[in-house]
Amino acid sequence: MGEGVEWGLHCCVTLGWLKDEGPVSIRKLAAWFDLPQEYLKKRLQALTKAGILASAPGVRGGFYLARPPEQITIIDVVTAVEGPAEVFRCEEIRQRGVGAEGGRFRRACGISTAMRRAELAWRRELAGQTIADLMDGAPGSGERTRRNYARMRD
């Protein structure tokens, strides 16, 4: 999983705390986390395309949550940034080389089965947690974010 997931989650949580401030510019979000603006923009565009964020054009434009934080799961963000593909991809290497002995295996690979089971558990766990849960899990951070954001105003 790439760093874009972390960036996306932190931006969503921050935008949740700043919901009353209106759209937050890409410039401010990049400065907030000391991230390269162009790379962050690509991640935020993926979140916008997925309906997690919305954007407003213009001088006062920027990004904001498209839905309430309670309706955005962590897996929504992961899928928007990383895509829907499975994390583990079994290439069936057991059917290649000397070990294959020229035959096809009748059952699924035990490694593939274990990895898919683990990924399913991971996805279920992330689907059960929302941006609101992350916000609630960081007491005091919302107020600190709003206070520090007010210092960034132009």
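The values are calculated or read from the model by the stated rules, or taken from the named source; none is laboratory data. Computed from a prediction, not measured in an experiment: that's the story for all the values here. Every residue, glycine among them, receives a Cβ derived from its backbone with ideal geometry; neighbour counts consider all protein chains shown. To get the accessible areas, we keep the full protein, side chains included, count just its heavy atoms, and leave off ligands, DNA and RNA. Shrake-Rupley method; radii C 1.70, N 1.55, O 1.52, S 1.80 Å.
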**OP:** Taking Cα extents along the principal axes in Å as the quantity of interest, determine which of (1) 41, 36, 30; (2) 61, 39, 26; (3) 69, 30, 23 was computed from the displayed structure.
**Re:** (3)
**OP:** Could you pull the Rg and Dmax for the stretch 88-151, using just the Cα atoms, both in Å?
**Re:** 22.6, 68
Original post:
For the residue pair E143 and A85, what label-to-label distance in nm results when each label sits 7 Å from Cα along the Cα-to-beta-carbon direction?
Top reply: 4.5
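Equivalent ellipsoid semi-axes for the stretch 28-97, as square roots of 5 times the alpha carbon gyration tensor eigenvalues: give them largest first, rounded to whole Å. Don't skip to the answer; put the middle values down first.
Numbers: eigenvalues 217, 49, 19 Å².
In descending order the semi-axes read 33, 16, 10 Å.
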**OP:** Report, to the nearest whole %, how much of the accessible area of the stretch 16-154 belongs to carbon and sulfur atoms, 1.4 Å probe, protein only.
**Re:** 52
Original post:
Hey, rough spin-label estimate for T113 and E125, points 7 angstrom out along Cα→Cβ, what's it come to in nanometres?
Top reply: 2.2
